[in-house]
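These notes concern the structure reproduced below.
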DNA sequence: CTACAATACGGACCCGGGGTCCGCTTCGCA
DNA sequence: TGCGAAGCGGACCCCGGGTCCGTATTGTAG
């Protein structure tokens, strides 16, 4: 695993592509309007370069997404309350969900592109497993959650589904819901799910 | 709105296409493996015919889906309890959700194809609005549901998200959950959401 | 400074799938 | 039985993801 360091031009081009792609995804309405050729052109680079650097479309999108997600991911994994692991489950769950929702809102196009990438479902494209495991674990830590016969794994799936990019897009876009309305709605729903505990 | 009746051969071909498509979607694993040309060939028909009859890929899939969905739709709209409108909300909601889940399970490929059709989200492809309105209305009819500040519209979205085809596919496919496990999970979750009422 | 691998570049090219077009066929009404 | 209209079908177009390979750059060894 020596991870031979890449050549200078390769690194520069990789960065250029990332930047260009970021711009394009942000500017163009609709995630799928952006073509690989567009990105290559915008980055002043040949298509071959682009594919060598990222493998395929999904790889590129994933790289972008990961970059954006990283600070948030760290905050949840090792940060301070209310997101970090030292938070009591009852506070942590709504906090994480709210943060996740905000993240999706702030990165609509990108999230949409990623979740619609791997044969059209986020269950293969993203780091879905990690989030699910986290939520399930937190739920299981909620005192008395399992008492009603509730399945933490299933509940975690549903709560994640509540923050899916296309749902968020639908609510914020077609239905014209504001950011705060969405957050309030999710918070109320989460509270209700936790309520029986 | 005279709806001039179609010619005999047109009707026959339409039916043949529908049948062929149904077979193909059922037999082939993976919904997107089925190409329009495949369907046309299997139906013994030219591509032109196929597109004339259904407009485009989504149109065809929607037609198939609608045909499958019709009995279920009727049962919910005008049928007897526990699905029909005469059912008290507290029983009707879980019943409808369970039926919806079963429907998705029984029509995995098709539902997957449809929900992944209209630019990748079910919010434009299916009859999403109708289901959402129904669920929201039922939820609003649950005595005391809104007391906790819960938003029936949002809750309806989330509950629908719990029966999305790709989630169901993920759970039943990758995670190997059985039909009964899924139904139990959904029922428990639904109960919890209603629980505070 | 030069030579020479190794690595990267880039755009012409390929391929597969959705959707269209138009000359020919079939239908069905009088 | 004739004749418009409706329908047919498959060759064709387009577009986008992904590949290939001759050429250019890099960086290291001498």
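Values in this text are rule-based calculations from the coordinates and carry no lab data. All values reported here derive from a predicted model rather than from experimental measurement. Neighbour counts run over all protein chains shown; Cβ positions are idealised from the backbone, glycine included.
Distance between the pseudo-spin-label points of residue A:27 and residue A:68 (7 Å out from Cα toward the beta carbon): 1.7 nm.
Comparing B:116, B:144, B:84 in a Gaussian network model of chain B, where Cα atoms under 10 Å apart are tied by springs, the biggest mean-square fluctuation is seen for B:144. Across the copies of the chain, residue B:129 has label points (7 Å from Cα along Cα→Cβ) spaced 4.1 nm apart, shortest distance listed first. Debye-formula intensities of the protein assembly as shown, expressed as log10 I(q)/I(0) at q = 0.06, 0.08, 0.09, 0.10 Å⁻¹, are -0.28, -0.49, -0.61, -0.75 (one equal scatterer per alpha-carbon, no solvent).
Residue-normalised convex hull volume from the C-alpha trace of the range B:80-158: 88 Å³ per residue. Taking chain A as the reference, fit the longest principal axis to its C-alpha atoms, fit the long axis of helix A:89-106 to the helix C-alpha atoms, and give the angle between the two in degrees, 0 to 90, nearest 10. Roughly 30 degrees, rounded to the nearest 10. The value given for the range A:1-99 is a Kirkwood hydrodynamic radius of 15.6 Å, derived from the mean inverse Cα-Cα separation. Taken over the range B:1-55, the ratio of Cα radius of gyration to 2.2 N^0.38 Å equals 1.22. Based on Cα contacts under 8 Å between residues 6+ apart, chain B shows a relative contact order of 18 percent. Comparing mean-square fluctuations of A:98, A:147, A:166 from a GNM of chain A with C-alpha springs under 10 Å, the top value falls on A:147. Backbone N atoms of the range A:61-79 closer than 12 Å to the 7 Å Cα→Cβ label point of residue A:86 belong to residues A:78-79. Using only Cα atoms and rounding to the nearest 10 degrees, what angle (0 to 90) does helix B:8-27 make with the longest principal axis of chain B? For helix B:8-27, the angle is close to 60 degrees. For chain B, place one equal point scatterer on every Cα, skip the solvent, and apply the Debye formula. What is log10 of I(q)/I(0) at q = 0.12, 0.14, 0.16 Å⁻¹? The Cα Debye sum returns log10 ratios of -0.68, -0.87, -1.05. Size descriptors for the range A:113-197 (Cα atoms only): Rg and Dmax, in that order, 14.3, 39 Å. Our helix-only sum for the protein assembly as shown, with -39,500 (n - 2.57) per DSSP H run of n ≥ 4 divided by its residues, gives a mean residue ellipticity at 222 nm of -21000 deg cm²/dmol. Across peptide B:164-175, the average count of Cβ atoms from other chains found within 10 Å of a residue's Cβ is 4. Note on residue B:37/residue B:77: beta-carbon distance plugged into 1/(1 + (r/R0)^6) with R0 of 51 Å gives a FRET efficiency of 0.85. Legend: mean number of C-beta atoms from other chains within 10 angstrom of residue C-beta atoms, peptide B:106-115, equals 1. Length, then width, then depth: along the principal axes, the Cα atoms of the range A:119-160 run 37, 15, 10 Å.
Chain A residue nearest the rotation axis toward B, with distance: A:161, 2 (Cβ to axis, whole Å). The angle between the Cα long axis of helix A:128-141 and the main principal axis of chain A comes to about 20°, on a 0 to 90 degree scale.
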